[in-house]
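Written out below as structure tokens is the structure these notes cover.
The values are calculated or read from the model by the stated rules, or taken from the named source; none is laboratory data. Because the structure is a prediction, the values reported are computed rather than measured. Neighbour counts run over all protein chains shown; Cβ positions are idealised from the backbone, glycine included.
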């Protein structure tokens, strides 16, 4: 078996409000903004943790995909509003401090820090677009 040198470079999350997304990912989570692109009235924002310069989240307008129909766009918007369309898992060494910071930043709390029966301790929030953001405590 051959091993390859593959890393995670980017992941995509939809957003509905560029300024609210910046406030959440940059100002509340402390991610750095790596790129911003505006084109045809749409806005893409690339962010990531300062300690991981090779890993980024691209916040994108869900309407940007030319291959989807209007019905699919409506379905995506409905799922985003419910928080069931997209999500990401993050990790921190101090879950309680991170939770306090997010809670003070008016992020929508879904779950307070909890010891899960499968052995992790985590909490959950929704970002401004409704994406589920789970944060695990690194032990």
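Annotation note: Cβ proximity below 6 Å between a residue of the stretch 116-139 that is at negative phi and at pLDDT below 95 and a residue that is surrounded by fewer than 16 Cβ atoms within 10 Å (Cβ to Cβ) and part of a loop (DSSP other than H, G, I, E, B) (sequence gap 6+ or interchain) occurs for 128/17; 138/93. Between 64, 20, 77, the distinction of being under 17 Å from residue 126 (Cβ atoms) and over 15 Å from the mean Cα position of the chain (by Cα) belongs to 77 only.
Is it fair to say residue 68 is surrounded by 13 or more Cβ atoms within 10 Å (Cβ to Cβ) and free of Cβ contacts under 8 Å to residues at least 12 places away in the same chain? For residue 68, the condition - surrounded by 13 or more Cβ atoms within 10 Å (Cβ to Cβ) and free of Cβ contacts under 8 Å to residues at least 12 places away in the same chain - is met.
Every residue, every condition in (1) in contact with a helix residue (DSSP H, G or I) (Cβ under 9 Å, 6 or more places away or on another chain); (2) not in a helix (DSSP H, G or I), yes or no:
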| position | (1), (2) |
| --- | --- |
| 4 | no, yes |
| 8 | no, yes |
| 12 | no, yes |
| 26 | no, no |
| 30 | yes, yes |
| 36 | yes, yes |
| 44 | yes, yes |
| 47 | yes, yes |
| 52 | no, yes |
